Amino acid sequence: MEVKNKYVAIKANINGAPEESDFEIKVENLSHMFEPESKEVVIKNLLVSIDPYQINRMKSQSSSQTSISYATAITPGEVIDTYGVGRVLVSHRPDFKKGDLVAGLLTWGEYTVVKEGFLLNKLDPSLAFPLSYHVGVFGFSGLAAYGGFFEVCKPKPGEKVFVSAASGSIGHLVGQYAKLLGCYVVGSAGSQEKVNFLKETVGFDDAFNYKQETDLKSALKRCFTQGIDVYFDNVGGKMLEAAVANMNSFGRVAICGVISEYTNASTRAAPDMKDIVYKRIRIQGFLAADFMPVYADFLSKTVEYLQDGKLKTIEDISQGVESIPSAFIGLFNGDNIGKKIVKVADE
């Protein structure tokens with residue numbers, strides 16, 4: 001069997017903000033004369049995830065590259081793996097057959113050859129939701145939101161919750177989980193359109209455009225007159241410093257991402273350590289994979305919330321492999337609201 005696979009690659013390592021010229025579209029022949037013992041599965045990719053953490057894999061060096069297998073460095077010219085949804089084209093594994101819809105570790109391309117031992121699961125046909133939900137709200141974005149909030153932050157009803165990059169793939173879900181628990185929720189975002197979205201569409205109590213604030217500490221003081229109990233951080237940098245300054249005693253900070261620091265090392269956060277000591281603030285980083293043990297609970301509750309109309313998930317879907325570079329670059333320009341996904345092919 002021979003298939004021509006069009007895929008996205010980086011031309012060289014990227015150590016600053018990504019640009020269109022950093023990427024190229026390549027074509028390879030996938031020739032696999034399968035032997036039964038090969039245990040490989042060929043997937044026709046349908047939908048693939050676009051996530052900012054990938055920029056750290058594209059750098060010539062990053063401490064994150066040695067932390068976990070899916071954060072390893074990307075080699076220029078090679079395929080880039082990502083979470084996605086596809087359909088089985090060929091399988092020599094008994095647990096998958098041609099035509100199965102699957103979710104797992106695919107690639108920024110038209111096809112993926114998945115070797116045995118790599119993440120790949122059949123989709124549950126009883127879940128009557130769009131396929132894209134399996135990339136976003138049921139995938140690692142949703143799991144990061146749920147696990148980071150409930151498992152790391154340990155929130156209590158009535159607590160004051162702040163979410164940065166709140167209109168993004170994870171932030172807009174965190175805020176809704178917090179509201180469902182009975183918390184007071186404020187989000188920050190980078191435009192008035194996003195502020196309106198947070199307050200009018202997904203039910204945040206308040207939100208502000210950080211680009212219009214000259215003093216982030218004062219902005220948070222205005223929004224949280226009684227202080228912050230929980231901060232879900234997607235940004236790092238000055239926003240983390242401002243949040244720590246406004247935290248209550250025994251506050252919890254969950255560090256999901258630090259997008260402001262990914263492309264500019266000069267924006268690294270320097271929170272007041274005295275606040276952390278004397279207020280006994282707990283700051284913890286995490287990865288979505290940490291929460292696989294609670295995945296069943298996460299999925300059950302999230303499905304229930306969606307079916308009951310208590311939770312909304314927003315997606316920004318681009319079309320075609322060729323759109324992947326611009327979709328990725330857009331994450332760092334604040335172009336998207338909700339989960340960024342690229343539709344590679346029709347079902």
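Remarks
- Placing pseudo-labels 7 Å out from each Cα toward the beta carbon at Phe286 and Lys97 gives an inter-label distance of 3.9 nm.
- Segment 39-50 - phi-based ³J(HN,Hα) in whole Hz, Karplus 6.51/-1.76/1.60, Gly and Pro as x: 6, 8, 10, 9, 10, 8, 5, 10, 9, 10, 7, 10
- Using R0 = 25 Å, the C-beta based FRET efficiency linking Ser249 and Val294 works out to 0.35.
- Accessible surface of segment 140-289 [probe 1.4 Å, protein heavy atoms]: carbon and sulfur percent: 51 percent
- Value at 222 nm in deg cm²/dmol, rounded to 500, when DSSP H runs of n ≥ 4 in the chain each add -39,500 (n - 2.57): -6000 deg cm²/dmol
- FRET efficiency, 1/(1 + (r/R0)^6) with R0 35 Å, evaluated for Gln61 and Asn333 via beta carbons: 0.90
- Charge dipole of the chain about the Cα centre (unit charges at C-beta), most positive-ward option of Thr313, Val48, Tyr133: Thr313
- Ligands, DNA and RNA are left out, and with a 1.4 angstrom probe the accessible area of the chain is 44 Å² per residue.
- Computed magnitude of the charge dipole of the chain (debye, nearest 20; Cβ of K, R +1, Cβ of D, E -1): 880 debye
- Heavy-atom accessible area ranking, 1.4 Å probe, most first, across Tyr83, Tyr278: Tyr278, Tyr83
- Protection proxy ranking, peptides 245-255, 111-121, average beta carbon neighbours within 10 Å, highest first: 245-255, 111-121
- Tensor-based shape of segment 140-289 (alpha-carbon gyration tensor, a/c under 1.5 rounded, otherwise prolate or oblate): rounded
- Estimated FRET transfer efficiency (Gln192, Glu116; beta-carbon r; R0 51 Å; 0.05): 0.55
- Helix 324-333 axis versus longest C-alpha principal axis of the chain: approximately 10°, rounded to the nearest ten.
The values are calculated or read from the model by the stated rules, or taken from the named source; none is laboratory data. Quick caveat: nothing in here was measured; it's all calculated off a predicted structure. Cβ sites come from the backbone with ideal geometry, for glycine too, and all protein chains shown count toward neighbours. The accessibility values were calculated without ligands, DNA or RNA, using every heavy atom of the protein model including side chains. Shrake-Rupley method; radii C 1.70, N 1.55, O 1.52, S 1.80 Å.
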